[in-house]
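The values are calculated or read from the model by the stated rules, or taken from the named source; none is laboratory data. On a predicted model such as this, the values are computed, not experimentally measured, just so you know. Here the Cβ is made from the backbone with ideal geometry for all residues, glycine too, and neighbour counts use every protein chain on show.
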Amino acid sequence: MKLDLTLDGVRYDFRTPSVYDMPAIRRMLTKARVRRPAEAEFRIAALAGVDAMAEAVSDAAEGQRQKALITDWYELSEPLTEDQIDEPDMELRGEELKRQLAERRARQVEIYPQIAAIEANLERHCAPYAELKADREYFDELSNIEVVRRLLFSAGGMVLARDDDDFVSVDAYQRIAKVHRQALATFAYGLLTPDEARRKN
């Protein structure tokens, strides 16, 4: 497993993750009283928001059209695995899964511009939906910080100071170039959730 990442000539070294890292990160986020809203919450808020906006402009037909799109979008986002395919032949089941996933992606690409427009409207005019989006962004930003603080070991050849929870100290984290932080978080989460090829190595 590759444990270092070089960005703009600066080498960042990460330690090997353990089964305790994700629970520790969740603990930090719980202590900060932040949570990531579930997709079901967004779906409920979106449907209610579209209803309210349609009523406000007296356009029930447009409201129904948008609700159908939202329902379609969230159903397309639900996980699909081989176990859900009714086909005893494993090879044929795999092919059918690929076909269905391709169909889903094509449909998502087709309706995404309309979904983006609906969501933008909901963010402007539906407070519950806007609050969920803000909560999700806040959670994602904090989790990105915490996963780097948990797994990063050194930067530019210098071992970083750690706090009592064995995370990189806040001061040390703040000295990391801002332009590098997202890439570091993506890399760190990749260490916690390796793909199949990396698990085999």
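Looking at the stretch 29-80 only, could you name the residues that are acidic (Asp, Glu), closer than 21 Å to Tyr112 by Cα and not in a loop (DSSP other than H, G, I, E, B)?
So the first thing to find is which residues in the stretch 29-80 are acidic (Asp, Glu), and the list is 39, 41, 51, 55, 59, 62, 72, 75, 78.
Narrowing the set further to residues that are closer than 21 Å to Tyr112 by Cα leaves 39, 41, 51, 62, 72, 75, 78.
Hits for the stretch 29-80 are Glu39, Glu41, Asp51, Glu62, Asp72, Glu75.
For the structure I just gave you, tell me whether Arg107 is touching a residue at least 60 places away in the same chain (Cβ under 8 Å) and under 30 Å from Ser143 (Cβ atoms). Don't jump to the end; show me each part of the working.
Values: touching a residue at least 60 places away in the same chain (Cβ under 8 Å): no; under 30 Å from Ser143 (Cβ atoms): yes.
No.
Going by the conditions given, is Ile118 farther than 23 Å from Glu41 by Cα and of a type in the set (A, V, I, L, M)? So that I can check it myself, show each step before the final result.
Values: farther than 23 Å from Glu41 by Cα: no; of a type in the set (A, V, I, L, M): yes.
In short, no.
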statement: Here the qualifying pairs (Cβ atoms under 6 Å; residues six or more apart or on different chains; first in the stretch 121-136 and closer than 19 Å to Val57 by Cα; second hydroxyl-bearing (Ser, Thr, Tyr)) come out as Leu122/Tyr129
task: Tell me which residues, restricted to the stretch 146-172, are of a type outside the set (Asp, Glu) and buried (at least 20 other Cβ atoms within 10 Å of the Cβ).
output: Val147, Val148, Arg149, Arg150, Leu151, Leu152, Ala155, Leu160, Phe167, Val168
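Only one of Met28, Met90 is of a type outside the set (D, E, K, R), closer than 29 Å to Arg136 by Cβ and either touching a residue at least 40 places away in the same chain (Cβ under 8 Å) or in contact with a helix residue (DSSP H, G or I) (Cβ under 9 Å, 6 or more places away or on another chain) (or both). Can you tell me which?
On the way: Met90 fails: closer than 29 Å to Arg136 by Cβ.
The conditions single out Met28.
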Verdict on Leu142 being part of a helix (DSSP H, G or I), surrounded by 15 or more Cβ atoms within 10 Å (Cβ to Cβ) and modelled with pLDDT under 95: yes
